[in-house]
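Working notes for the structure below.
What follows is calculated from the coordinates using simple rules that are stated; it is not laboratory data. Remember, it's a predicted structure, so these values are computed and weren't measured experimentally. Because the Cβ atoms are built from the backbone with ideal geometry, glycine has one as well, and the counts that use them run over all protein chains shown.
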């Protein structure tokens, strides 16, 4: 990725106080006043981070891609937001003497490559939004990439991450891809990483397998928590349970997420799912164990255990 030095720093001053840099780093959504923007020019010296100084949101556009810069464990960090949703976080690989903080439009210093890269990505996303393309997740030469059409957009790694990244790299790249698909191209989520090698076979279990099947799994939880399930027991979204159309209540089923090889054993205590192509409906707790919760649906193998 080319590192352009963006001159003529333009920013705006918040009309109300903002949270500390550490609080901004943990924020997943932001509240903003879009109706009364006050845009002013500031000097490079005014970007020196202080606890009581902040920069206002940049001029709004249809996509509203912008950057929030902040310190993260004594390193420079900068998160790219699209429509107030964080999509990518850039993190410096070493301590930076002059850390930039605040909402930035065109911050650029020769020494602050992390912030410059984040702003360059925000500008690129604004450009892409004018003629939306399909975003996809791809595995290439041991790297996870987000593709914009047939061109690489970004490679995830130590310096570019999903905000609040998980330990599952495949799940991370899918989350970044699906946020861009929803926010920019208004597309349905994807559930697979193109070109990713098949996960290793699951560890052999002691329990004997009576039958197996493959298909799509979904999950359910908050709206049904505490309600009576088809088996007559109260539904607990945190328990390792699932709904199946025909298996007897109490049946133990091992579910393998085919995207990552993660497994969970659930007990059938409800009926469903009734959407075409789905073979099991997991509780929220069970879906979380196998990394399915954020994607919503995904390919699985189910094995009925004796």
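Listing for the model above:
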| quantity | calculated |
| --- | --- |
| Antiparallel bridge percentage (DSSP; both residues within the stretch 209-305; nearest 5) | 75 |
| Per-residue Cβ neighbour rank within 10 angstrom, fewest leading, 194, 302, 290, 85 | 194, 85, 302, 290 |
| Ellipsoid semi-axes in whole angstrom, largest first, where each is sqrt(5λ) of the Cα gyration tensor of the stretch 209-305 | 18, 15, 12 |
| 181, 138 arranged by Cβ crowding within 10 Å, fewest neighbours leading | 138, 181 |
| Cβ-based exposure ranking for 145, 180, in which fewest neighbours within 10 Å come first | 145, 180 |
| Per-peptide average of other Cβ atoms within 10 Å, ordering 74-84, 126-136 highest first | 74-84, 126-136 |
| Separation of alpha-carbon centers, the stretch 115-151 and the stretch 246-271, rounded to whole Å | 36 |
